[in-house]
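In what follows, a single structure is set out as structure tokens and then discussed.
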Amino acid sequence: RRARDAHERAVQQHLAGEKKARDTHERLIAEQLSHEKSARDRHHEHTRELIGREKEARDKHLSAHQEMLQREGSSRENAIRDLHDTISKERALREQAHGVHHETLQREKASRQ
């Protein structure tokens with residue numbers, strides 16, 4: 001009977017040891033999974049930040065490029081306007097010179113008669 005009691009205690013201790021080992025193993029696995037999830041979450045957050053910075057840089061570049069194109073367009077429009085003004089002034093001067101020449105011819109013709 002004493003041997004059986006000792007055996008039963010040994011079995012109970014063995015089972016308790018196995019349960020403790022299993023519990024410890026499960027706790028370690030849960031901690032590892034938690035660490036992995038934290039690392040994955042940090043990685044995802046870092047990736048989101050990088051993507052955000054890249055998007056911001058791209059938007060800034062695009063905005064600067066659009067501003068440059070607008071300035072070039074405005075500069076081109078101003079150049080065209082200046083050219084148009086110059087041509088208009090030259091035309092007006094030619095017409096004025098033509099008018100003066102025509103008047104001179106008319107006066108010369110009138111004085112000959």
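The values are calculated or read from the model by the stated rules, or taken from the named source; none is laboratory data. It should be emphasised that the depicted structure is a prediction, and the values quoted were computed from it without experimental measurement. Positions of Cβ are generated from backbone atoms using ideal geometry, with glycine treated the same way; all protein chains shown enter the neighbour counts. These area figures cover heavy atoms from the full protein model, side chains too; ligands, DNA and RNA do not enter into them. Shrake-Rupley method; radii C 1.70, N 1.55, O 1.52, S 1.80 Å.
Points to keep in mind about this one:
- Filter result for Q96 (under 52 Å from the mean Cα position of the chain (by Cα) and at pLDDT 90 or above): no
- Test: residue in region 75-82 that is modelled with pLDDT under 95, over 35 Å from the mean Cα position of the chain (by Cα) and open to solvent by 100 Å² or more (accessible area, probe 1.4 Å): yes
- Among the conditions (1) at pLDDT below 95; (2) surrounded by 10 or more Cβ atoms within 10 Å (Cβ to Cβ), S111 misses just one, which is (2).
- The residues of region 1-22 that are part of a helix (DSSP H, G or I) and open to solvent by 100 Å² or more (accessible area, probe 1.4 Å), listed by number, are R2, R4, H7, E8, R9, Q12, Q13, H14, K19, K20, R22.
- One residue alone among H46, H65, H25 is open to solvent by 100 Å² or more (accessible area, probe 1.4 Å) and in a helix (DSSP H, G or I), and that residue is H25.
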